[in-house]
Amino acid sequence: MSDGCIMVVGAHAADAEVMGGAQVLTQVAQGWRGVIVHCTLGEKGHPSLDPDAYGRQKRAEAEEAARVLGAACICLPYLDGELPVDTEVQWRIADLIRTHRPDIVLTHWKGSFHRDHRNTYANVMEALYLAGLTAFQRTNPAYHPRALYFCENWEDMEDYQPDVYLDVSPVFDRYLQAIRCYELVRGGISRFPYDRYYEALTIVRGAVAGYDRAVTMMIPARSRVQRRQTLTP
């Protein structure tokens, strides 16, 4: 069994699960800890419920989805559509990184048409810097994850480049169970077919990679640099 940890930081409850839930399940099956962080609940997105009522629903859905994933669920106190890019948010995320010490962090790619997604990306990038710098004295010691990946999300596809194809065939059914904890995914709130989109996407990505089902991730540009002394394959 491993003592590793994988953390997914999403803009709204449901984002982290649809774009990173299968990766969490894959690692949890190997004995890792999973941590899901929601920057906002996405409480303003219901056509008939007021934000307070829908926020309570989304929190309950997030907790149930985390249970299915076998992960911890953390909801930050920011409002849907109003997530700032500032040091308060960045230190909240940095302190979570220092506390949970994830080996892998997954989050949004910056090429998004959604403001909260772009702001989540910006905050996570700054939080990684704050978390890893020993000169900043906090409750927990400095820590920097071994790997950062940007996840595939239908709202974040501008200049998205799939670098990593992960076989999620063994965990796919449980992934569907987790994301379907959300009414948003099951249908009836948005006209966008989240359920069908992400189910079909795993087939498409799997076909490219030679798996039954796959998800993709993007590597930060700096991580694509390879240092070699020979050209041996």
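The numbers here are math on the coordinates, done by the rules we state, and not lab data. Since this is a predicted model, take the numbers as computed values, not measurements. Here the Cβ positions follow ideal geometry from the backbone for every residue, glycine too, while neighbour counts run over all protein chains shown.
Before moving on, here are some points about what is shown:
- Residues V68, V37, V164 in ascending order of nearby Cβ atoms (within 10 Å, fewest first): V164, V68, V37.
- Estimated distance in nm for a label pair at S190 and S48, the labels positioned 7 Å out from Cα along Cα-to-Cβ: 2.0
- With contacts taken as Cα pairs under 8 Å and at least 6 residues apart, the chain reaches a relative contact order of 21 percent.
- Packing rank of 179-192, 102-115, 121-134, 3-16, where each peptide gets the mean count of other beta carbons within 10 Å, highest leading: 3-16, 102-115, 121-134, 179-192
- Neighbour-count order for W32, W154, W91, fewest beta carbons within 10 angstrom listed first: W154, W91, W32
- Using alpha carbons only: equivalent-ellipsoid semi-axes of the stretch 1-125, gyration tensor based, whole Å: 23, 17, 12
- Neighbour net charge for Y211 - beta-carbon separation under 14 angstrom, K R +1, D E -1: 0
- Value at 222 nm in deg cm²/dmol, rounded to 500, when DSSP H runs of n ≥ 4 in the chain each add -39,500 (n - 2.57): -12500 deg cm²/dmol
- When K44, K58 are arranged by Cβ crowding within 10 Å, least crowded first, meaning fewest neighbours, the order is K44, K58.
- Extending 7 Å from the Cα toward the beta-carbon at both Q137 and Y165 defines two label points whose distance is 5.1 nm.
- Pair-distance distribution of the chain: all C-alpha pairs, bin width 10 Å, starting at 0; shares per bin in whole percent are 8, 33, 38, 17, 3, 1, 0.
- Take the Cβ atoms of R222 and A72, set R0 to 22 Å, and the FRET efficiency comes out at 0.15.
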